[in-house]
Amino acid sequence: MDTTTRHIKYQADCDPTFAPAIKAIPGCEKLDSCIQCGTCSGICPLSIYMDMPPRRIMNLVRYGFKREVMNSNTVWLCSACYACTVECPRQIKVTDVMYALKQMAIKERLYPKRFPMVVLANQFYKMVRHRGRMNEIHLVTRLYLLTNWFKLLEMARLGIELIRRGRFSVKPDNIERRAELHAILDYEKRYPPTEAAPK
Amino acid sequence: MTGIPNTDGNGRRGAAGEEIRIGFYVCHCGMNIASLVDVAAVAKEAAKLPHVIVSREYKYMCSDPGQEFIMQDIRENRLNRIVVAACSPNLHESTFRGAVARGGINPYFFQMVNIREHGSWVHTDAAAATAKAIDQVRAAVARVAKHRPLERRRMEVNQAVLIVGGGIAGITAALNLADAGKKVYLVEREPTIGGHMAKYDKTFPTLDCAACILTPKMSAVREHPNITLWTYSEVTKVDGHVGKFKVTVRRKPRYIDEETCVGCLECISACVFKTPKFEDEFNEGLGKRKPIYIPFPQAVPPLVTIDPETCLKFKTGKCKSPCETVCDRKAVDFSQTEKTEEIEVGAVIVATGFKAFDVTRLPIYGYGLYDNVYTALEVERMVTSSGPTGGEITLRDGRVPKSIGIIHCVGSRDKKTNRWCSRVCCMYSLKLAHLLREHTGADVYQFYIDMRCPGKGYDEFYERMLDEGVQMIRGRAAEVTDWTMSPEEEGKLVVRVEDTLAAYVRRIPVDMVVLSTGMEPAVGADEIRRMFNISCSTEGFFLEKHPKLAPVETATAGVFIAGCCQGPKDIPDTVAQAGAAAAQALALIDKGYVEMEPNTSYIDPDDCSGCKSCIPLCPYHAIAFDEGSKKAVINEALCTGCGTCVASCPSGSISQNLFEDDQIFSEIEEVLSHV
């Protein structure tokens with residue numbers, strides 16, 4: 001170790017706009033009511049893999065630790081099972097806060113490069129938006145190509161086997177009348193929803 | 001029914017010459033005793049003992065049928081002594097004494113044997129436990145034969161009550177008792193009643209204004225015909241005992257005639273000091289007052305007071321005393337001297353309150369070093385519209401704070417200062433956070449160890465503060481410093497803390513620091529304690545007789561405690577406790593008499609050598625020395641039967657009823673008979 005880094009937090013390290021922006025997103029209003037009881041972390045089936053338990057994320061969000069929250073894997077591990085939201089004694093929609101954080105991270109590109117969770121989310125969205133349906137083999141292939149193509153070689157045998165047995169379809173799936181779906185989805189582009197002004 | 005006399009008048013002889021006929025009863029206590037002790041064997045052995053006429057066992061001796069056995073046997077078998085082997089006498093001695101008395105014999109012709117707490121509950125060997133129970137029974141049977149009839153004594157009770165301390169506890173107790181028609185003397189050390197509560201702005205969790213709810217009660221005290229209010233006064237001496245305390249009160253001169261002053265305050269404006277110059281104690285030193293002053297506009301009584309320490313008339317004698325000339329009622333009286341009042345009361349309620357922790361004991365928080373570090377009480381005065389700043393939150397340099405840190409547990413939960421939790425600090429800190437935000441719009445940080453909000457509406461208040469955006473940082477603030485490490489910290493105070501929930505060490509720059517101080521026993525609590533013979537816990541708070549079942553009584557009969565002198569508590573609890581103390585005092589004096597247990601000590605004057613060794617040993621000050629006869633005299637009304645004097649008397653001239661030498665020796669002989 002040739003350098004010593006500062007771990008103490010100055011108030012200047014916090015982003016005062018972070019909490020208001022998250023709280024402005026519907027579902028996240030009650031963030032301030034958190035009493036830091038840890039029920040969310042205890043009930044979370046994935047907290048065993050998280051570098052910060054959801055409880056800590058809640059605390060860091062409301063007091064403006066944006067960089068720290070965005071550097072954590074917690075939001076990306078959240079599988080949206082909603083157990084925390086169901087159990088929270090203050091009825092905070094913890095899962096909604098996780099979604100809000102994911103959205104913010106994607107919008108502001110605040111995630112590790114080639115981070116598979118984000119690539120998966122983006123590719124999934126692109127595919128569904130374009131075709132109206134999702135095709136597993138195409139999605140998985142794109143995910144691996146964009147993140148870790150070595151992994152693709154590893155998984156190739158399993159993929160071929162699945163195709164051979166008819167579990168994966170190589171043909172892209174399309175819905176009928178795709179133009180209508182595009183029209184619906186483009187509506188939002190033409191008439192963007194007014195953004196709630198952060199406090 | 002035989003002619004056993006209940007008493008011969010002096011309560012120490014009686015029943016002499018009568019044939020002794022003992023009834024013995026052993027209780028199963030369900031299975032509590034019978035599961036280990038062979039109760040049938042105990043009854044069988046007891047039947048063989050001398051003078052035992054009846055020996056029975058029964059499932060529940062304390063039940064109505066059990067008691068009926070005793071009464072019936074006394075009548076039918078002409079019994080004149082009863083022994084019951086059952087649970088602890090603490091539980092049922094009075095029950096069985098009652099049954100014995102209803103059966104027609106003196107209730108002190110009774111002895112109880114504890115074979116539950118001293119037997120079945122603490123042993124595992126059934127045979128040994130049974131043998132022990134039989135030994136205990138044999139001792140009791142031998143002892144009860146030596147018992148003498150005794151009478152409980154009655155003593156008249158004075159109908160007045162003294163209340164020491166005029167805070168919300170004293171005020172509440174005084175009004176309750178006065179409304180019940182009792183004479184109340186309320187003695188307060190300060191020039192006004194109201195105590196700490198009068199200094200507060202709003203009260204948690206409802207945020208109702210303290211003055212709005214307190215001042216009507218203060219005026220009610222002043223106007224109540226049954227209350228004699230002595231402010232600026234202190235209790236200096238207490239003599240006597242329950243039902244008849246003789247109390248001396250010193251009344252300090254305020255150099256104002258209390259009868260004629262109407263509180264017009266003309267004299268204050270006339271004072272030669274045109275501007276207030278001296279530290280104002282009521283405003284925690286944040287404001288200034290003149291030598292002639294009134295603590296606050298709603299003070300009760302609404303009288304001005306002259307402080308001889310600062311008044312020029314007293315210091316130099318050269319003042320033209322415009323205060324005296326301007327008063328058209330001639331109420332200013334520089335010749336006033338200290339007065340002493342002597343009163344007699346039946347009961348006393350001590351409600352001397354608390355003192356806030358002295359923050360200079362914790363230099364790490366920078367109080368006195370940095371101008372913008374305040375105590376909670378100072379901020380309390382500052383947010384009050386009638387306070388020194390008129391409700392404006394301005395720092396000592398005139399700025400309005402944009403960020404405020406409130407540090408909890410200052411002088412609490414800390415073995416280096418006070419190890420207890422003061423119970424109210426979390427809540428008042430949250431309240432101050434609300435008020436400070438309301439007044440300034442500042443960001444407020446709470447530095448807390450644990451958020452303790454138990455009480456009706458308290459946790460809801462905490463949630464409300466969370467929702468209002470008060471930042472909660474869990475961690476004991478380590479230090480307050482003006483040493484800056486980043487540009488944003490310039491000109492600010494920095495609180496260093498480990499945010500244990502965020503798991504970061506943080507530096508939080510703030511404009512103002514508020515120290516939430518804990519509670520300590522009031523100044524002078526120790527003298528009060530000695531005067532009224534109240535014991536205290538290690539921290540100095542007055543000790544109640546029982547922490548759960550006798551929370552307002554003390555070990556001294558007739559002395560009750562209420563409010564923070566007993567331990568830190570908030571206003572609702574204080575008022576509830578004051579009401580309880582008033583009810584207990586009322587129950588005592590309204591009955592008109594007190595009944596005393598007869599197990600008191602008595603001195604045989606022929607044997608007493610007058611050595612006085614017993615006198616300082618008596619914890620209840622019950623022994624006096626009669627200069628005429630040169631003998632010690634025990635005041636039966638004060639004696640609680642602790643036995644200390646009996647054991648200490650070098651000439652063996654002191655005996656104790658129910659614990660006479662022959663009774664105890666016969667008991668010991670029987671216990672050891674098979675050794």
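The residue that is nearest to the chain's Cα centre (by Cα), counting only those in segment B:629-675 that are more than 26 Å from B:Phe245 (Cα to Cα) and of a type in the set (D, E, K, R), is B:Glu660.
Is there a residue being β-branched (Val, Ile, Thr), surrounded by 22 or more Cβ atoms within 10 Å (Cβ to Cβ), touching a helix residue (DSSP H, G or I) at 6+ places or on another chain (Cβ under 6 Å) and more than 30 Å from B:Val113 (Cα to Cα) anywhere in segment B:147-159? Looking for residues that are β-branched (Val, Ile, Thr), surrounded by 22 or more Cβ atoms within 10 Å (Cβ to Cβ), touching a helix residue (DSSP H, G or I) at 6+ places or on another chain (Cβ under 6 Å) and more than 30 Å from B:Val113 (Cα to Cα), one finds none in segment B:147-159, hence no.
Checking each residue in segment B:408-423 for being in contact (Cβ under 8 Å) with a residue 12 or more places away in the chain and either over 12 Å from B:Phe357 (Cβ atoms) or of a type outside the set (Val, Ile, Thr) (or both) picks out B:His408, B:Cys409, B:Gly411, B:Ser412, B:Arg413, B:Asn418, B:Arg419, B:Trp420, B:Cys421, B:Ser422, B:Arg423. For the subset of segment B:160-194 comprising residues that are over 19 Å from B:Ile528 (Cα atoms) and charged (D, E, K, R), which member is surrounded by the most Cβ atoms within 10 Å (Cβ to Cβ)? Checked segment B:160-194; the qualifying residue surrounded by the most Cβ atoms within 10 Å (Cβ to Cβ) is B:Lys182. When residues in segment B:519-539 are screened for being buried (at least 21 other Cβ atoms within 10 Å of the Cβ) and over 20 Å from B:Phe245 (Cα atoms), 4 of them pass.
Identification of strands (runs of 3 or more DSSP E) wholly contained in segment B:290-371 with 2 or more residues that are aliphatic (A, V, I, L, M) yields B:339-345, B:347-350. Could you please find all residues in segment A:109-134 being among the aromatic types (Phe, Trp, Tyr) and loosely packed, with under 14 Cβ neighbours inside 10 Å? Across segment A:109-134, the qualifying residue is only A:Tyr125. Scanning segment B:616-648 for residues that are farther than 20 Å from B:Met155 by Cβ and in contact (Cβ under 8 Å) with a residue 40 or more places away in the chain turns up B:Gly643, B:Cys645, B:Val646.
Filtering segment B:555-575 to residues that are under 9 Å from the mean Cα position of the chain (by Cα) and in a loop (DSSP other than H, G, I, E, B) leaves B:Ala562, B:Gln566, B:Gly567. Could you please give the count of residues in segment A:135-161 that are in contact with a Pro (Cβ under 9 Å, 6 or more places away or on another chain) and either in a loop (DSSP other than H, G, I, E, B) or surrounded by fewer than 13 Cβ atoms within 10 Å (Cβ to Cβ) (or both)? Number of matching residues: 2. Restricting A:Arg178, A:Arg190, A:Arg167 to residues that are at pLDDT 90 or above and more than 30 Å from A:Pro54 (Cα to Cα) narrows the list to A:Arg178.
Of the numbered criteria (1) modelled with pLDDT of 95 or more; (2) assigned to a helix (DSSP H, G or I), the one B:Phe447 fails is (2).
Of the strands (runs of 3 or more DSSP E) that lie entirely inside segment B:461-554, those containing 3 or more residues that are more than 14 Å from chain A (Cβ to nearest Cβ) span B:512-517, B:519-521. Considering B:Pro295, B:Pro276, the condition of being in contact with a Pro (Cβ under 7 Å, 6 or more places away or on another chain) and either surrounded by fewer than 17 Cβ atoms within 10 Å (Cβ to Cβ) or in contact (Cβ under 8 Å) with a residue 60 or more places away in the chain (or both) is satisfied by B:Pro295 alone. Among the residues of segment B:399-444, those that are outside any strand (DSSP E or B) and on the phi > 0 side of the Ramachandran plot comprise B:Gly411, B:Arg413, B:Arg423, B:Gly441. Residues to consider are B:Gly366, B:Gly398, B:Gly317, B:Gly390; find the one that is surrounded by 15 or more Cβ atoms within 10 Å (Cβ to Cβ) and not basic (Lys, Arg). Within the list B:Gly366, B:Gly398, B:Gly317, B:Gly390, the selection yields B:Gly366. Take segment B:214-243 and flag every residue that is buried (at least 18 other Cβ atoms within 10 Å of the Cβ) and not in a strand (DSSP E or B). Matches in segment B:214-243: B:Leu214, B:Thr215, B:Lys217, B:Met218, B:Val221, B:Thr231, B:Tyr232, B:Val242, B:Gly243. Screening segment B:82-141 for residues that are in a loop (DSSP other than H, G, I, E, B) and either aromatic (Phe, Trp, Tyr) or touching a His at 6+ places or on another chain (Cβ under 6 Å) (or both) and picking the one that is farthest from B:Glu667 (Cα to Cα) gives B:Trp121. If you go through segment B:585-596 and keep only what is touching a residue at least 60 places away in the same chain (Cβ under 8 Å) and at negative phi, you end up with B:Ala585, B:Leu586, B:Leu588, B:Ile589, B:Asp590, B:Lys591, B:Tyr593, B:Val594, B:Glu595, B:Met596. Quick check: anything in segment B:163-179 modelled with pLDDT of 95 or more, closer than 27 Å to B:Thr640 by Cα and either more than 22 Å from the chain's Cα centre (by Cα) or assigned to a strand (DSSP E or B) (or both)? Yes; the residues of segment B:163-179 include at least one that is modelled with pLDDT of 95 or more, closer than 27 Å to B:Thr640 by Cα and either more than 22 Å from the chain's Cα centre (by Cα) or assigned to a strand (DSSP E or B) (or both). Of the helices (runs of 4 or more DSSP H) that lie entirely inside segment A:1-118, those containing 1 or more residues that are within 30 Å of B:Lys492 (Cα to Cα) and within 14 Å of chain B (Cβ to nearest Cβ) span A:18-23, A:54-62, A:66-70. Based on this model, can you work out whether B:Val122 counts as of a type in the set (A, V, I, L, M, F, W, C), surrounded by fewer than 22 Cβ atoms within 10 Å (Cβ to Cβ) and at pLDDT 95 or above? Yes. B:Trp420 passes every criterion in (1) modelled with pLDDT of 95 or more; (2) closer than 24 Å to A:Phe65 by Cα; (3) not β-branched (Val, Ile, Thr) apart from (2).
The values are calculated or read from the model by the stated rules, or taken from the named source; none is laboratory data. Computed from a predicted structure; not experimentally measured. No Cβ is skipped: glycine too gets one built from the backbone with ideal geometry, and neighbour counts run over all protein chains shown.
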